[in-house]
Ligand SMILES: C[S@@+](CC[C@H](N)C(=O)[O-])C[C@H]1O[C@@H](n2cnc3c(N)ncnc32)[C@H](O)[C@@H]1O
């Protein structure tokens, strides 16, 4: 494997993962989508996108397609959602979950979108840009396919905001550092950079909302944070021998005491494409 690929997360190319890993990650995406904190992030994003009846919306990096189907209910029967994902296995899984709503599923790369310029009214791109090689190029593509006056809504994690309490700070720091560039992206600050990137592209009416997710027990945190999820295979860790076991012992103890805490900020940044975009 090339060194550059080793630094990329499994989500950068799901089809090249072992089949069990892809299945586990897809199941994890669905569980995440039901988590109250992720739902809070998504409600904030839907308010920021504010799709109207009849809109054609691109969900770029659509995963299992649950958000695409939700947007389809927002745009009504005259609207349409294009659910685009790089991974053929993911698109196949999304099609299996199709509920008859007005969603068209397609494989494709957010960095080179096979759609004409100005062909959609709005874009939703959730927790994708942290996994791509060149986020600016991808965002420029999202802006290109959006009509003037349309809305681009980007949602991404700020992994550098991740903090714990109830567990030894130094051990938490070691685990988090070991995960960056492996299970969490090397680009740890994607969320906070989104506003700057949209400003640079000349979008207007930009809103940037940090949604700080709070996880008050290990089970709740494990849904969103891979380093708290005991189901993540041991081979996926690159910590020194013994660190993983020591960490989970501390996490379990904090959970039993009731004082475990984890926080993570996910940014919702949206802008309107104007004459300059
Ligand atoms: C963390 S998942 C998020 C999925 C979905 N947006 C959600 O929030 O549930 C990242 C998704 O982005 C997709 N992805 C990664 N790189 C991509 C690219 N270059 N173009 C399109 N999709 C990509 C992955 O296949 C995966 O489905």
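List of remarks:
- Between the stretch 190-219 and the stretch 116-153, the Cα center-to-center distance that results, in Å: 15 Å
- Max mean-square fluctuation residue, GNM over the chain, Cα-Cα springs under 10 Å, options 184, 90, 73: 73
- Going from the residue with the fewest nearby Cβ atoms within 10 Å to the one with the most, 47, 158 rank 47, 158.
- What the Cβ-Cβ distance of residue 174 and residue 35 gives, at R0 = 30 Å and to the nearest 0.05, is a FRET efficiency of 0.70.
- Taking 160, 87 and counting other C-beta atoms within 10 Å, the order from fewest to most: 160, 87
- Gain upon complete extension [residue 263, residue 140; 0.36 nm per residue less C-alpha separation]: 41.2 nm
- Gyration tensor (alpha-carbon) shape descriptor, the stretch 3-268, a/c threshold 1.5: prolate
- Shape category assigned to the stretch 141-206 from the gyration tensor of Cα positions, a/c cut at 1.5: prolate
- Whole-percent P(r), the stretch 222-277, all Cα pairs, 5 Å bins from 0: 4, 13, 20, 18, 12, 8, 5, 5, 6, 5, 3, 1.
- Taking every DSSP beta bridge that has both ends in the chain, the antiparallel portion is near 50%.
- Selected from 39, 257, 151 as most flexible by GNM, with the chain as the system and alpha-carbon contacts under 10 Å: 257
- Mean ellipticity per residue at 222 nm, deg cm²/dmol - from DSSP H runs of n ≥ 4 across the chain, formula -39500 (n - 2.57): -11500 deg cm²/dmol
- The stretch 3-268, relative contact order [Cα under 8 Å, separation at least 6], %: 20 percent
- One decimal place: the segment residue 196-residue 47 gains 51.6 nm when fully extended, by the rule 0.36 nm per residue minus the C-alpha distance.
- Residue order, fewest to most surrounding Cβ atoms within 10 angstrom, among 84, 162: 162, 84
- Shape analysis of the stretch 55-113 places it in the oblate category; the axes a ≥ b ≥ c from the Cα gyration tensor give an a/c of at least 1.5, with a/b not above b/c.
- Among 83, 27, 221: highest mean-square fluctuation, GNM of the chain, C-alpha pairs under 10 Å: 27
- On the basis of the beta-carbon distance and an R0 of 25 Å, residue 234 and residue 13 show a calculated FRET efficiency of 0.70.
Read-outs throughout are calculated quantities, based only on the coordinates presented, and are distinct from any laboratory measurement. Owing to the predicted nature of the structure, the values given are computational and were not obtained by experimental measurement. Glycine also receives a Cβ, built like all others from the backbone with ideal geometry; neighbour counts cover every protein chain displayed.
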